[in-house]
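Asks: Here you go, one structure.
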Amino acid sequence: MKNPIKGKWLVILGVVLVIIDQVIKVLVKTNMSIGEHFSVIGDWFQILFVENEGMAFGWAFGGAVGKLLLSTFRIVLCVVLVWWIASLCKKKSAPTGVLVGLTLITAGAFGNILDCFFYGLMFGESTFETVASFGGHYAPFMFGKVVDMFYFPIINTTWPSWLPLIGGTPFTFFDPVFNFADSCVTVGAFYLVLFQWRFFSSEPKKETEK
């Protein structure tokens, strides 16, 4: 029997996560220029405004064609995840933790989709000298850039000079800059792998028995 209460709370959770993600991104994009940063907790937690072409943690992927493929993949992923969550909500045996983990991943993927699809149509371009404003148009539909801002240079030093090739060069333990949506996807995925793997390993057995 379907659990409408559980489904309702999952929808609320997903919407809240997407809203938080978008509020943070809009605040950063409309108040900071590219590369601008400020410290939150010492030197190891900073808000650093960068933009990327769509992959998590600032990674690039295959130019314009790659961006289209990535956006298409995200849409398909969201549709599949929503269908999967809805199917699990109909099962009393589905753990709440599994549903929450999948909702985190879905909300994170959808949050970054909004950047790619609509930011190019909604904002002016962010540069190292200028701050973007509403009402601009810096890219066509599906070609907007994803806003990243969380930066944790937990260890920021240089390699010892006696090391060959890399001696004296800068070293940062965790260099990628990411956003709230990336965090949702990562936390959801790790949570499912670490704490809910028994559910996923038992599902194929149940289907086989049926």
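Asks: Among the numbered conditions (1) modelled with pLDDT of 90 or more; (2) loosely packed, with under 12 Cβ neighbours inside 10 Å; (3) farther than 30 Å from GLY7 by Cβ, tell me where GLN46 comes up short.
Replies: GLN46 satisfies all of (1) modelled with pLDDT of 90 or more; (2) loosely packed, with under 12 Cβ neighbours inside 10 Å; (3) farther than 30 Å from GLY7 by Cβ except (2).
Asks: Can you tell me which condition ILE105 does not meet? The list is (1) open to solvent by less than 10 Å² (accessible area, probe 1.4 Å); (2) under 30 Å from HIS37 (Cβ atoms), and all the others hold.
Replies: (1)
Asks: For the structure I just gave you, tell me whether ALA189 is open to solvent by less than 30 Å² (accessible area, probe 1.4 Å) and either of a type in the set (Asp, Glu) or within 20 Å of the chain's Cα centre (by Cα) (or both).
Replies: For ALA189, the condition - open to solvent by less than 30 Å² (accessible area, probe 1.4 Å) and either of a type in the set (Asp, Glu) or within 20 Å of the chain's Cα centre (by Cα) (or both) - is not met.
Asks: Need at least 3 residues that are modelled with pLDDT of 80 or more per element, so show me which strands (runs of 3 or more DSSP E) inside region 126-210 make the cut, counting only ones lying wholly within it. Quick ask: steps written out before the conclusion?
Replies: Values: elements: 146-151, 156-158, 170-172.
Filter on region 126-210 gives 146-151.
Asks: Can you tell me which residues in region 12-34 are over 18 Å from the mean Cα position of the chain (by Cα) and either at pLDDT below 95 or surrounded by 15 or more Cβ atoms within 10 Å (Cβ to Cβ) (or both)?
Replies: MET32, ILE34
The values are calculated or read from the model by the stated rules, or taken from the named source; none is laboratory data. Because the structure is predicted, anything quoted here is derived from the model rather than measured. Heads up, the Cβs are rebuilt from the backbone with ideal geometry, glycines too, and the neighbour counts pull from every protein chain shown. Ligands, DNA and RNA are stripped out before the accessible areas are found, and what is left, the full protein with its side chains, is counted by its heavy atoms. Shrake-Rupley method; radii C 1.70, N 1.55, O 1.52, S 1.80 Å.
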